[in-house]
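Here's the structure, in structure tokens; my notes come after.
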Amino acid sequence: MRSLLALAIPVVFSELGWMSMSIVDTIMVGRLSAEAIGAVGMGNALYYAPALFGIGILLGLDTLVSQAYGRGDLDECHRWLSQGVYIALIFTPFLMLFLWAAPLVFPYLGTNPTVSAQTTQYLRMLNWGTLPLLLYAAFRRYLQGVKRVGPVTFALISANLINWVGNWALIYGHLGLPAMGVRGSALSTCLARVYMAGVLIFAAWKNEAGRGHSLFEHWPGIALERIRSLMKLGVPAAGQIVMEVGAFGAATVMAARLAPAALAAHQIALNCAAFSYMVPLGTSAAAAVAVGHAVGAGDGPCARRAGWLALMLGVSFMACSAVVFLVAPHAILIIYTNQADVVRMGIPLLAMAAAFSIFDGIQTISTGALRGLGETRVPMLANFAGYWIFGLPLGYVLCFWHGKGIIGLWTGLTLALIFISLVLLFQWWRDSSKLQSTL
């Protein structure tokens, strides 16, 4: 437990810091209008599905770096990092082109025109932060894999301060800068990402220098076989992330067909649920590393124990989070907005977030534990079936055909999460039970 917590606590704070940037953006534009809240929410939803595909491809570093570290092969960790950086450089132009073109579909989706115009401005400015985001992701996975999680936490917490000041200055026009509205919020996030990438690159250089090995002087060239190994693990992991994040992004696009107040309530409730989700997400990353270390060291019982302890920690936290959503929804919502219609519509959505919290924790930590074993395909397939075959179609029918509105949409998402969590929990139980005989 101590070993797991030493990994999990800094990573959890990192994930909370990551999510806080999005929350700060939403809060800071919340005084502009409901349309501005919806635009930032929709822009983030559209951005993170493809961008997280690029980040997801790098998740193979969790498995390969942590297992190499478990074997005591630090040079191998460095070699895997270099190939992750090459993947980030290769994918960035394709992701940026896709994200630039994404707003072209708005006229065909029936999106509120005011929301879609502001979303386009926000998304195209945010797009310039894609390369530093992917470089940050590659160096983060390396540092976590070699148990250097402190710099990751520092980078994200300090980046939140930069983002907050940038939002204050660029949205409303302080410090002699122009008032850019939602574009200012996106620009502030881009600057914070450049800073984050720089901090982690410096931390990796310092880590390598500490063992007498220059990070850049001995930088490996492209190794196609290693890139293929990373892609074999990373593409399914990326697919799983896209299935999950894309599902909530699709739900946001559907919500954009409703009134602006409904979209704003959806975004705020989703923001709250996503913030609590950062704790099991960080625990999931720690589980992947801890399981990978044990697998690399050939210790099957330790790998099993790490996965089950991570599940216990994550589920316990999400149960507490569910209680908060049920007991104090009004106090949470007024942090974001003072618009009565948005608050009224947000209260039942937070109750539904409470309903799926525990299952959300189970599915994400099971995914991380399985990734530590090198299993990334089953989570992708479970997310595809749960969200895209079952949950989203059901939510659409309830929302638009049966007149349930945003509540119907969230009902579909909740049932999908329950299904996915049960599938992945069973898969972890089955795979972890085999560790004793295979290691």
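The values are calculated or read from the model by the stated rules, or taken from the named source; none is laboratory data. All of these numbers come straight from a predicted model, not from anything done at the bench. Here the Cβ positions follow ideal geometry from the backbone for every residue, glycine too, while neighbour counts run over all protein chains shown. Only protein heavy atoms, including side chains, enter the accessible area calculation; ligands, DNA and RNA are left aside. Shrake-Rupley method; radii C 1.70, N 1.55, O 1.52, S 1.80 Å.
If I model a spin label as a point 7 Å beyond the Cα along the Cα-Cβ vector, how far apart are those points for Asp75 and Ile389 in nm?
For the pair Asp75/Ile389, the computed spacing is 4.7 nm.
Nearest 500 deg cm²/dmol is fine: what mean residue ellipticity at 222 nm does the chain get from its DSSP H runs of n ≥ 4 alone, each adding -39,500 (n - 2.57), divided by its residue count? Numbers along the way, then the final one.
Numbers: 17 runs with 357 residues, N = 439.
When only DSSP H runs of four or more count, the value is -28000 deg cm²/dmol.
Calculate, in nm to one decimal, what Ala319 and Ala331 gain on full extension: separation in residues at 0.36 nm each, minus their alpha carbon distance.
2.4 nm
By Kyte-Doolittle mean hydropathy of at least 0.5 and Cα axial length of at least 24 Å, which whole DSSP H helices of the chain are selected?
Within the chain the helices that satisfy the rule are 2-29, 34-57, 74-101, 150-172, 182-210, 224-255, 260-296, 300-327, 340-373, 405-432.
Taking a 1.4 Å probe, which of Trp388, Trp219, Trp429, Trp410 shows the most accessible area, and what order do the others take after it?
Descending accessible area places them as Trp429, Trp388, Trp219, Trp410.
In nm, to one decimal, how far is the Arg2 label point from the Asp299 one, both placed 7 Å along Cα→Cβ?
Calculated label separation equals 1.3 nm.
Please give the solvent-accessible surface of Phe384 in Å², to the nearest 10, using a probe radius of 1.4 Å with every protein chain present.
90 Å²
Treat each spin label as a single point 7 Å out from the Cα along the C-beta direction, and report the Trp100 to Ile157 distance in nm.
Placing both labels 7 Å beyond Cα along the Cβ direction yields 3.8 nm.
If you find the alpha carbon centre of segment 17-76 and of segment 170-220, how far apart are they in angstrom?
14 Å
Report the net charge of residues surrounding Leu61, where surrounding means a beta-carbon distance below 12 angstrom and charges are Lys +1, Arg +1, Asp -1, Glu -1.
Local net charge: +3.
Would you mind working out the accessible area per residue for segment 82-172, using a 1.4 Å probe, and quoting it in Å²?
I get 41 Å² per residue for this part.
Report the accessible area of Leu32, computed with a 1.4 Å probe over the heavy atoms of all protein chains in place, in Å² rounded to the nearest 10.
80 Å²
Over the chain, what is the mean sequence separation of C-alpha contacts under 8 Å (at least six apart), divided by residue count, expressed as relative contact order in percent?
23 percent.
Taking R0 as 35 Å, what FRET efficiency do you get between Trp429 and Leu175 from their Cβ-Cβ distance, rounded to the nearest 0.05?
Rounded to the nearest 0.05, the efficiency is 0.05.
Which lysines, if any, have their Cα less than 28 Å from the Cα of Lys206, not counting same-chain residues under 8 positions apart?
The reachable lysines, counting only those whose Cα sits under 28 Å from Lys206, are Lys147.
Could you tell me the accessible area of Lys206 in Å² (1.4 Å probe, neighbours in place), rounded to the nearest ten?
130 Å²
Under 20 Å from a point placed 7 Å out from the Cα of Ala259 along the Cα-to-Cβ direction: which residues of segment 364-403 have their backbone N that close?
Counting backbone N atoms under 20 Å from the label point, the list is 398-403.
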